[in-house]
Every structure is written in structure tokens, then in C-alpha cells.
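Encoded as C-alpha cells, the structure appears first; notes follow it.
The values are calculated or read from the model by the stated rules, or taken from the named source; none is laboratory data. This one's a predicted model, so the numbers in the text were calculated from it and none came from an experiment. When we count neighbours, we look across all protein chains shown, and the Cβ atoms used for this are built from the backbone with ideal geometry, even at glycine. Surface areas here come from the heavy atoms of the whole protein model, side chains and all, with no ligands, DNA or RNA. Shrake-Rupley method; radii C 1.70, N 1.55, O 1.52, S 1.80 Å.
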Amino acid sequence: MENQNNNINDFNELEDLRQQINDLKNKVDQQGRLNEDLVKKAIQGKMRGVHRTIIIVAIFAIAVIPFYIMMKYQVGLSWPLIIFTIVLLLASITSDYFINRIDVSHMGDDLVETANKLVKMKKNRIIAQRIGIGVALVWLVWFCYEYFKLNSVYGEAVAWGSLTGIFVGAAIGGLIGLRIFNKMQRANDEMIDQINEFTREQ
């Protein structure tokens, strides 16, 4: 009888231990899902910030198109330069769209796939920046040549003064563009680091 009671007690203790293990496992699983949800929300928030920046830049680029058309009539810049400028602005907008195109609502469903897309996004952004700098330099030389030629009729002092203003404006624009580029690359790095840190803990 005593042996039977001992067996029952042992069985009950074993069941209690098994239940505790199951409870602990469920708690760990729930914690893992919670952490994954937090990572997912964090990277979605950062990517929305990147998309907002791109939209602002696109709105600004479209807004300056009428300004360059106006310069054609007020300053006398050539149509080829104006068309090249407009194409350059539209190409920049299109490039940003395709490079950063990602369904934010599903980011994090597969963290490894998301990390791979973010790495590819960073590389494509670097390639686009290098091409953009080269094309922008061609545009700047062309623009300055025409602008100097048109303003030289008022004297070299006026022409050089105008060009100085253009170079200062181009330098400021370049610094702003570089800051935006670095901001987006840093956001990508932070998202990738968050994913890597989470996957290492699994």
C-alpha cells in the first residue's frame, strides 16, 4: 500500500514537473513572438520614415521643374539643357522609387528575406548615388557654360558673380543630398542590425 502511494506521489510530481516545463516553454515561445513583433514594428517604422523622406524629395524635385522652364524664357537657357534637367529630375525620382520599393506592411514576416532586401537596397542606393554624381557634374558644367555665356553680355563681373552664386547653391544642395543619403543608409543599417541581433538570440 505504501509503495502504491509512493508511486502515485512520484507520478504526481512527474506530472507537475512536466506541466512546469510546458508552462516555461510556452512562456519562452510567447516571449519570442513578442520580441519578433517588436523587431517587425521597429523596422516598419524606420522604413516608413525612409519613404516619407523620399516623398518629400520627390515633391521638391517636381516643384522645381516649372522654375527651370521659367529660366528658359527669362534667362534664355537652351531647350536641350532644360529637357535634360527635367529628365534628370524625373529619373532621380523614378530611381528612388524602385530602389526603396518594399511592402512595409509585410516587412518582418520573413526576417532573413527582409534583411537581404535591405542589404540589396543599400548597394543599389550607392550605385545610384555614384551615377547621379557623375550626371549631376555634367549638368552643372553645361548649366554654368550656358549661364556664363548669357550673362557675359552684362560684363564678366556680373557673369562670375552669378556663377559664384550657382556654385554656392550647388554645394549646399550637394550637402543636403549627402545628408539625406546618409540618413537613409543609417536607417538601413539600424534595421539590419536589429534583425541580426534578434536572429542571433534565437
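Looking at the range 133-149, can you tell me whether even one residue there is more than 20 Å from THR53 (Cα to Cα), without any contact (Cβ under 8 Å) to a residue 24 or more places away in the chain and in contact with a helix residue (DSSP H, G or I) (Cβ under 7 Å, 6 or more places away or on another chain)?
Yes, the range 133-149 contains at least one residue that is more than 20 Å from THR53 (Cα to Cα), without any contact (Cβ under 8 Å) to a residue 24 or more places away in the chain and in contact with a helix residue (DSSP H, G or I) (Cβ under 7 Å, 6 or more places away or on another chain).
With respect to (1) under 30 Å from ASP193 (Cβ atoms); (2) in a helix (DSSP H, G or I); (3) of a type outside the set (Ser, Thr, Tyr), the lone exception for VAL87 is condition (1).
In this entry, GLY76 is excluded by the filter for residues that are open to solvent by less than 50 Å² (accessible area, probe 1.4 Å), part of a helix (DSSP H, G or I) and modelled with pLDDT under 90.
Residue by residue through the range 165-185, note down the ones that are farther than 30 Å from PHE148 by Cβ and either touching a Pro at 6+ places or on another chain (Cβ under 6 Å) or open to solvent by 60 Å² or more (accessible area, probe 1.4 Å) (or both). Of everything in the range 165-185, those that are farther than 30 Å from PHE148 by Cβ and either touching a Pro at 6+ places or on another chain (Cβ under 6 Å) or open to solvent by 60 Å² or more (accessible area, probe 1.4 Å) (or both) turn out to be ASN182, LYS183.
Inspection of the range 132-139 identifies at least one residue that is at pLDDT 90 or above and under 17 Å from the mean Cα position of the chain (by Cα). Take the conditions in contact (Cβ under 8 Å) with a residue 60 or more places away in the chain, small (Gly, Ala, Ser) and open to solvent by 30 Å² or more (accessible area, probe 1.4 Å) and apply them to SER92. Does it pass? No: the conditions fail for SER92. Exactly one residue out of PHE98, PHE84 is surrounded by 13 or more Cβ atoms within 10 Å (Cβ to Cβ) and at pLDDT 90 or above, and it is PHE84.
Taken across the range 148-157, residues that are modelled with pLDDT under 80, open to solvent by less than 50 Å² (accessible area, probe 1.4 Å) and in contact with a Cys (Cβ under 7 Å, 6 or more places away or on another chain) do not occur at all.
Just one of the listed residues (ASN116, ASN188) is of a type in the set (S, T, N, Q), surrounded by 11 or more Cβ atoms within 10 Å (Cβ to Cβ) and in contact (Cβ under 8 Å) with a residue 24 or more places away in the chain, and it is ASN188. Here ILE54 fulfils each of the conditions (1) open to solvent by less than 90 Å² (accessible area, probe 1.4 Å); (2) over 29 Å from ASN182 (Cβ atoms) apart from (2). Scanning the range 126-134 for residues that are out of contact with any Gly (no Cβ under 9 Å at 6 or more places or on another chain), part of a helix (DSSP H, G or I) and more than 23 Å from ALA91 (Cα to Cα) turns up nothing.
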